[in-house]
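Novice: Just dropping this structure here.
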Amino acid sequence: MKLDRILPNKRGTYVSTAAAMLCNLVMAYVVYMLCRILYVAVNWEIFGEGFTNLSLLSLFRGSLLFDTSAILYTNALYALLMLLPLHYKETRWWQRFCRILYLFVNGTAVVINLADAVYFTYTGRRTTMTVTSEFSNEGNLFGVIVHSVVSYWYLLIAGIVIIHYMSRLYMMPEKFNFGGKTRRYLAYYAVQTLCLLCFIPCCVAGMRGGFTTAVRPITISNANKYVNRPIEAAIVLNTPFSLTRTTGKNVFHNPQYFTAQELAGIYTPVHNAGAKQTNTVKRKKNVVVLIVESFGREYIGAYNEGLDNGKYRGYTPFVDELLGKSLSFDYTFANGRKSIDGMPSILSSIPYFVEPFILTPSSLNNVSGLAGELGKCGYESAFFHGAENGSMGFEAFAKTSGFQKYYGRTEFNQDKRFNGDADYDGMWAIWDEPFLQYYALKMTEMKEPFVTAVFTASSHHPYKIPEKYEKDFDLPGEEGNPIHKCIRYTDMSLRKFFETASQQPWYNNTIFVFTSDHTNINDHQEYATDLGFFGSPIFFFDPSGELPRGRSHAIAQQIDIMPTVLQYLGYSNPYVAFGSDLFNMPAEETWAVNYSNGIYQYVQGDYVIRFDGQSIVGAFNYKKDWFMTNDLKDDPALKSRFSDMERRLKGIIQSYMERMIDNRLVVGC
């Protein structure tokens, strides 16, 4: 071996490849922690309220656990190349390659972590591998990325600085002077082999989260051990870990809490069980479902009379009026945090558990929905979304769930009554005002009875409105929340939609369902809680007055929409829906469920329980303690109540998992 191929020893002391590798891995820990600090800082409005109640020691321990797993997974090849008992690794070209590999892997981790700090605002969780499917049909990703980079320029600078100093501080090992002596080669190989053999079990243990055989590989849900609220799990997690842990994994697992006979007595999602397939409805009303992008309860003044000492008016004067003429509910929740969670929940009564249904293999199951069931009774159906056809997988799911027609940006552009792409917002979709007008007029062309759904788009990042309305809705200095101007614009668009719809012959024979896909940026801490994050409007409007109006003291959730509408129409066939019929269930029996970062939340009556899949980890009286600071899970007077709630929740989870795995989302399958 020629000495000129050996790395130069400038300091005269030997720093082994093993020692250099360990120093570089320690630097990776520092980098991950810096990214975590930036992650929390960017989302301080979400984390800040409860941060003082967290144990910094517990946060550090949890962060160290998940960072260790991620660092070892992503740097496994680098570590192997640095520890292989081969003297060739002492050469310059080998070590340069290792340095490039290290910087590429950990630089990518920096980019992913910081990018996810932005995305967390909309999802409330660390990103998983389903993100690759979620945006697989989007043609505007480059524009979205460029806009995000411009908006969060300080994260770009921070990332560049971190990667620069990683490169500067990277430790290169110095040469081992073999001196042409055999014993030095033998000693070198012995030491390097020993280092590799010691590192392998440590690496495996670090990846799994512990040394003992009883330790199962840690998952995302384990992060809840170190925090107080499910959403805070994102603090101790890191995005490379979340991506790694969800790559190629089976999403749904049957927990087998109960036998089949026990489960049948606890919960079933089958409605009209035992009924004959007659394909009839008693009320042949049209059904119009309005899914309004990011239109959280917080923005609607009529839902928030007590906010800001009674001074809060919200940003939705028209929706406030409409709500006053509708049947609404005291507590209304989304079943997920993203648009692709909302579609199955609202239209097929399938909640978001673990991963978005649309992105899992179970999306290939036989699936029905509001449109599919009513289609059996002669209803014509259509789904409307002003984005590029195929965006977010909506077109595919609409077809899967039974919608006969799909109207998107392509169809809008073909309609000579409108201005085509002149009304495109330049990023996502056609502006709400023209597209909702298109929606109203297209329904007039449909044969009654019909069922339709529209998914709006304008109240969305990057929070733009048409230039002609900037003086009306973009009010500098009034507020710091950029979505408020979009909410005002969409509210106006909804007013004009109803003005047009009310002139159509089908209007008075229609039941309108109003909800949002999920919530968005919040200003009030009441909506930064684990329940507040899911606070979406749900109400039913019948212009004919046949449906009673007013506010019910009940709990409502998105998955209740399908069974409520079908039962109201007098639908006779048996069908699968995980929600409840709100019109006929006593208010005290209504419930809601959602899932966040490995924790299920189940709301019923005055209480909410948090369940990690094995046991209750928290219980609160959310009506008296909305911020959920007083944990009641160990209160002996409430033990029986919480046990009943846990039993019911287990039944819902097991039924969901079994039907996903066995393809039983349609009666008869």
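The values are calculated or read from the model by the stated rules, or taken from the named source; none is laboratory data. Quantities reported herein were computed from a predicted structural model and do not represent experimental measurements. Counting neighbours? That spans all protein chains shown, and the Cβs are built from the backbone with ideal geometry, glycine included. Side chains are part of the model used for accessible areas, which takes the heavy atoms of the whole protein and leaves out ligands, DNA and RNA. Shrake-Rupley method; radii C 1.70, N 1.55, O 1.52, S 1.80 Å.
Novice: How about the range 32-73: which of its residues are among the β-branched types (Val, Ile, Thr) and surrounded by 21 or more Cβ atoms within 10 Å (Cβ to Cβ)?
Specialist: Listed by number, the residues that qualify are Ile46, Thr68, Ile71.
Novice: Here's a follow-up. Specify the residue that is farthest from Ala187 (Cα to Cα); the eligible residues are those in the range 81-105 that are hydrophobic (A, V, I, L, M, F, W, C) and not in a helix (DSSP H, G or I).
Specialist: Here the answer is Leu84.
Novice: Okay, next question. Filter the range 115-131 for residues that are open to solvent by 10 Å² or more (accessible area, probe 1.4 Å) and assigned to a helix (DSSP H, G or I); which is nearest to Pro356 (Cα to Cα)?
Specialist: The extreme case among them is Val131.
Novice: Pull up the range 302-352, narrow it to residues that are among the β-branched types (Val, Ile, Thr) and part of a loop (DSSP other than H, G, I, E, B), then point me to the one that is surrounded by the most Cβ atoms within 10 Å (Cβ to Cβ). I'd like the intermediate steps shown before the answer.
Specialist: If we filter the range 302-352 for residues that are among the β-branched types (Val, Ile, Thr), which is where we start, we get 316, 319, 332, 340, 346, 350.
Still in the running and part of a loop (DSSP other than H, G, I, E, B): 316, 350.
Numbers: Thr316: 25, Ile350: 32.
For the range 302-352, the residue satisfying everything is Ile350.
Novice: Right, another one. When you look at Asn366, is it open to solvent by 20 Å² or more (accessible area, probe 1.4 Å), more than 20 Å from the chain's Cα centre (by Cα) and over 21 Å from Met446 (Cβ atoms), yes or no?
Specialist: Against the criterion (open to solvent by 20 Å² or more (accessible area, probe 1.4 Å), more than 20 Å from the chain's Cα centre (by Cα) and over 21 Å from Met446 (Cβ atoms)), Asn366 qualifies.
Novice: Mind listing whichever residues of the range 433-457 are modelled with pLDDT of 95 or more and among the aliphatic types (A, V, I, L, M)?
Specialist: Matches in the range 433-457: Leu436, Ala440, Leu441, Met443, Met446, Val451, Ala453, Val454.
Novice: A follow-up question, please. Output yes when any residue across the range 535-553 is over 17 Å from Phe329 (Cα atoms) and touching a Ser or Thr at 6+ places or on another chain (Cβ under 9 Å), and no when none is.
Specialist: Yes, the conditions are met somewhere in the range 535-553.
Novice: Against the conditions (1) in a strand (DSSP E or B); (2) touching an Asp or Glu at 6+ places or on another chain (Cβ under 8 Å), where does Ala453 fall short? Just the number, please.
Specialist: With (1) in a strand (DSSP E or B); (2) touching an Asp or Glu at 6+ places or on another chain (Cβ under 8 Å) applied to Ala453, the lone miss is (2).
Novice: Give all pairs with beta carbons closer than 9 Å in which a residue from the range 185-200 that is farther than 16 Å from Glu174 by Cα and open to solvent by less than 50 Å² (accessible area, probe 1.4 Å) meets a residue that is polar (S, T, N, Q) and modelled with pLDDT of 80 or more; count only pairs at least 6 apart in sequence or on separate chains.
Specialist: Cys195/Ser16; Cys195/Thr17
Novice: When you go through (1) in contact with a Pro (Cβ under 8 Å, 6 or more places away or on another chain); (2) modelled with pLDDT under 95; (3) open to solvent by 30 Å² or more (accessible area, probe 1.4 Å) one by one for Val270, which number turns out not to apply?
Specialist: It is condition (2) that Val270 fails.
Novice: Looking only at the range 74-104, count every residue that is buried (at least 18 other Cβ atoms within 10 Å of the Cβ) and within 22 Å of Ser242 (Cβ to Cβ) and tell me the total.
Specialist: 5
Novice: Report whether or not Asp421 is out of contact with any helix residue (DSSP H, G or I) (no Cβ under 8 Å at 6 or more places or on another chain), surrounded by fewer than 21 Cβ atoms within 10 Å (Cβ to Cβ) and not in a loop (DSSP other than H, G, I, E, B).
Specialist: no
Novice: Between Glu373, Glu380, which is crowded, with 23+ Cβ neighbours inside 10 Å, in contact with a strand residue (DSSP E or B) (Cβ under 7 Å, 6 or more places away or on another chain), within 26 Å of Asp581 (Cβ to Cβ) and charged (D, E, K, R)?
Specialist: Going through Glu373, Glu380 in turn, just one is crowded, with 23+ Cβ neighbours inside 10 Å, in contact with a strand residue (DSSP E or B) (Cβ under 7 Å, 6 or more places away or on another chain), within 26 Å of Asp581 (Cβ to Cβ) and charged (D, E, K, R): Glu373.
Novice: Quick one: which strands (runs of 3 or more DSSP E) lie wholly within the range 529-636 and hold at least 1 residues that are surrounded by fewer than 18 Cβ atoms within 10 Å (Cβ to Cβ), of a type outside the set (Lys, Arg) and in contact with a His (Cβ under 6 Å, 6 or more places away or on another chain)? I'd like the intermediate steps shown before the answer.
Specialist: Numbers: elements: 538-541, 550-557, 591-596, 599-604, 607-611, 616-621.
Because the criterion is at least 1 residues that are surrounded by fewer than 18 Cβ atoms within 10 Å (Cβ to Cβ), of a type outside the set (Lys, Arg) and in contact with a His (Cβ under 6 Å, 6 or more places away or on another chain), no strands (runs of 3 or more DSSP E) in the range 529-636 meet it.
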